[in-house]
Structure formats: structure tokens, C-alpha cells
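This report refers to the structure that appears directly beneath it.
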Amino acid sequence: MNTFRDLLIWQKSMSLVTSIYQITNSFPKEEIYGLSSQIRRSSVSIPSNIAEGYGRDGNNDYLRFLNISISSLFEMQTQLEISFNLKYLNENQFNKINGESREIERMLSSFIRKIKDRK
């Protein structure tokens, strides 16, 4: 592995960001500075922190950024549920994006454990 771009978890996180931007385009305009913005920022934080941690020295720093990434993922999942409850997302949209995010959650959790075991 040469760069963070080679990490499948980063690639899937980038794809999730694209899906999030597409899905939030249909949110009500009054949410542009509310839920839309918050969901987008938390989703962007996921691959960004994976990448930033990759460039750091040592496992402790890397783990810190991976933990920020998974925290952002949990934040995004919560905001998506709120959006679904408010009917900004239909069931199909929610299930698709939630499925993608849960896969990334499992991958991140596993990756964090793997890094911890290396210590």
C-alpha cells in the first residue's frame, strides 16, 4: 500500500460523500445551513480523517484520526435518521445510504482494532 488512496475504506468513504451530496440536494432549501450542511460536513470528515491519520507518524496519531472518523460517521448516521424522521429521505434512500454507512462503520471498527493490535 503506497497511499491512503489505496485503502478500500477511504475509497468507500469517498463514494459515501458523493451519495450524501446527491441525496441532500433534494432537502428543503431552509435546511441548506441546517441538516444539509451538517450531514455534508460530517460525511466529508470521514475520508478526510482517514487520509490525515495515514500521513501521521505512529499508530497513536493514526488511531486518534480514525476515532475522529468513526465519530463523524456516527454523527452523520444520527443526522440521516433525523432526516428520515422528518421525511426528507424516503425509505429507499435511507436504507441505501444507511447500508453504505454501516458497511463503513464495520470496516472502520475492524481497522481500528487491527491498528490497536499492532501496538
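The values are calculated or read from the model by the stated rules, or taken from the named source; none is laboratory data. On a predicted model such as this, the values are computed, not experimentally measured, just so you know. Cβ coordinates were reconstructed from backbone atoms using ideal geometry, including for glycine residues, and neighbour counts include every protein chain displayed. Calculation scope for accessible area: heavy atoms of the full protein, side chains included, ligands and nucleic acids excluded. Shrake-Rupley method; radii C 1.70, N 1.55, O 1.52, S 1.80 Å.
Of all residues in the range 13-54 being among the aromatic types (Phe, Trp, Tyr) and assigned to a helix (DSSP H, G or I), which is most open to solvent (accessible area, probe 1.4 Å)? The qualifying residue most open to solvent (accessible area, probe 1.4 Å) is Tyr21. Filtering Ile20, Ile68 for residues that are within 19 Å of Ile112 (Cα to Cα) and aliphatic (A, V, I, L, M) leaves a single hit, Ile68.
Taking the stated definitions as given, is Asp57 on the phi < 0 side of the Ramachandran plot, loosely packed, with under 14 Cβ neighbours inside 10 Å and not in a helix (DSSP H, G or I)?
Numbers: on the phi < 0 side of the Ramachandran plot: yes; loosely packed, with under 14 Cβ neighbours inside 10 Å: yes; not in a helix (DSSP H, G or I): yes.
Yes, satisfied.
Taking the range 66-119, which residues are among the charged types (D, E, K, R) and not in a helix (DSSP H, G or I)?
Pass one, the range 66-119, residues among the charged types (D, E, K, R): 75, 81, 87, 91, 96, 100, 102-103, 105-106, 113-114, 116-119.
Correct list: Lys87, Lys119.
Does Arg102 fit the bill of being in contact with a helix residue (DSSP H, G or I) (Cβ under 6 Å, 6 or more places away or on another chain) and surrounded by fewer than 14 Cβ atoms within 10 Å (Cβ to Cβ)? So Arg102 does not fit the description; no. Just one residue in the set Leu108, Leu86, Leu80, Leu63 is hydrophobic (A, V, I, L, M, F, W, C) and open to solvent by 80 Å² or more (accessible area, probe 1.4 Å); that residue is Leu86.
Yes/no matrix, rows are residues, columns are (1) under 18 Å from Glu103 (Cα atoms); (2) in contact (Cβ under 8 Å) with a residue 24 or more places away in the chain:
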| site | (1), (2) |
| --- | --- |
| Lys12 | yes, yes |
| Ser26 | no, yes |
| Lys29 | no, no |
| Gly55 | no, yes |
| Glu75 | yes, yes |
